[in-house]
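Okay, so here's the structure we're looking at.
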Amino acid sequence: MKKIIISPWSRNLPGERKNAKNFHRWQQVVKRLRDLGFHVIQIGVKGEEIVEGVNEIKFNLPFKELKDLVRECDSWISVDNFMNHFGAWMKRPGVVIFGKSDPDIFGHPENKNLLKNRRFLRDDQFLPWGMEKHDSNVFVSENEVIEALLELLEIRANLS
C-alpha cells in the first residue's frame, strides 16, 4: 500500500482566522486517496484541525522522525508551508497547492506546483499574511490535486 503524507495547513492568523494559504477541499482529497488504496498520514502541530478520513495523525514530530517518515512514504501533498521546502531539501518531490502565493517565488521546480490562475496572486508577495483574507475560489480542484500526485508517482516509478 502506498503511503502519502498530507501537510494541510499553514498556521492560523491572529484571532484564529483561517490562513489564506489553506486549501479547503482536504476531506475530498483524502477520500479519493483512500478510495484509490492509499494510506494517508497527516502531519502538523498539536491543535491543528484533523482532516476527516486520514489513517494516521503525527503531530509535533521531532526533526529526525519527520525525515524518516518522508523517506518511508511514497510522496506528500501540502499547501505552501514548511513541507514544500522540507520535501525539496530532502530531494523528495511532492505536490504543493498554491492559491495567492507565487510558486515561481516560493515553489521548488522538482515539485508539482499547482496554481489555479496567476490573476489570484497577491500584488505584494512579501507582505505579512495577517491582512490577507481566505478565498476558496483561488485554489485548484481536488481532482487536479489527485491527478498531479498520480502523475508524480508515475514519473518516480519510471525513474526507478
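The values are calculated or read from the model by the stated rules, or taken from the named source; none is laboratory data. Worth saying up front: this structure is predicted, and the values here are computed from it rather than measured. With ideal geometry, Cβ positions are generated from the backbone for all residues, glycine too; neighbour counts draw on all protein chains shown.
Check Trp89, Trp76 and return the single one that is in contact with a Ser or Thr (Cβ under 7 Å, 6 or more places away or on another chain) and within 21 Å of Val45 (Cβ to Cβ).
Trp76
Yes or no, residue by residue, for (1) among the aromatic types (Phe, Trp, Tyr); (2) over 25 Å from Glu132 (Cα atoms):
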residue: Ala20; (1), (2): no, no
residue: Gly37; (1), (2): no, yes
residue: Lys58; (1), (2): no, yes
residue: Leu61; (1), (2): no, yes
residue: Cys73; (1), (2): no, yes
residue: Val79; (1), (2): no, no
residue: Phe82; (1), (2): yes, no
residue: Phe106; (1), (2): yes, no
residue: Pro109; (1), (2): no, yes
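Within the range 18-43, track down each residue that is part of a loop (DSSP other than H, G, I, E, B), of a type in the set (A, V, I, L, M, F, W, C) and surrounded by 17 or more Cβ atoms within 10 Å (Cβ to Cβ).
If the condition is that a residue be part of a loop (DSSP other than H, G, I, E, B), of a type in the set (A, V, I, L, M, F, W, C) and surrounded by 17 or more Cβ atoms within 10 Å (Cβ to Cβ), then Ala20, Phe23, Phe38 are the ones that fit.
Scan the range 100-121 and report the pairs whose first residue is aromatic (Phe, Trp, Tyr) and whose second residue is part of a loop (DSSP other than H, G, I, E, B) and modelled with pLDDT of 95 or more, with Cβ atoms within less than 7 Å and a gap of 6+ or a chain change.
Phe106/Asp80; Phe120/Gly99; Phe120/Lys100
Does Asn84 count as farther than 16 Å from Phe139 by Cα and either in contact with a Gly (Cβ under 9 Å, 6 or more places away or on another chain) or touching a residue at least 24 places away in the same chain (Cβ under 8 Å) (or both)? Step through it out loud before you land on a result.
Details: farther than 16 Å from Phe139 by Cα: yes; either in contact with a Gly (Cβ under 9 Å, 6 or more places away or on another chain) or touching a residue at least 24 places away in the same chain (Cβ under 8 Å) (or both): yes.
Here the answer is yes, as Asn84 does meet what is asked.
Need pairs with beta-carbon distance below 8 Å; first residue over 16 Å from Phe82 (Cβ atoms) and within the range 45-58, second among the hydrophobic types (A, V, I, L, M, F, W, C) and assigned to a loop (DSSP other than H, G, I, E, B); sequence gap 6+ or separate chains.
Glu49/Trp9; Ile57/Ile50
Can you tell me which residue within the range 116-136, out of those that are among the polar types (S, T, N, Q) and assigned to a loop (DSSP other than H, G, I, E, B), is surrounded by the most Cβ atoms within 10 Å (Cβ to Cβ)?
Gln125
Taking the range 2-53 on its own, how many of its residues are on the phi > 0 side of the Ramachandran plot and more than 14 Å from the chain's Cα centre (by Cα)?
5
Which one of these does Lys46 not meet: (1) over 20 Å from Glu132 (Cα atoms); (2) assigned to a helix (DSSP H, G or I); (3) at pLDDT below 95?
Lys46 satisfies all of (1) over 20 Å from Glu132 (Cα atoms); (2) assigned to a helix (DSSP H, G or I); (3) at pLDDT below 95 except (2).
Would you mind listing the strands (runs of 3 or more DSSP E) fully within the range 54-115 where at least 2 residues are under 13 Å from the mean Cα position of the chain (by Cα) and buried (at least 21 other Cβ atoms within 10 Å of the Cβ)?
Once the strands (runs of 3 or more DSSP E) in the range 54-115 are filtered for at least 2 residues that are under 13 Å from the mean Cα position of the chain (by Cα) and buried (at least 21 other Cβ atoms within 10 Å of the Cβ), what remains is 75-79, 95-97, 112-114.
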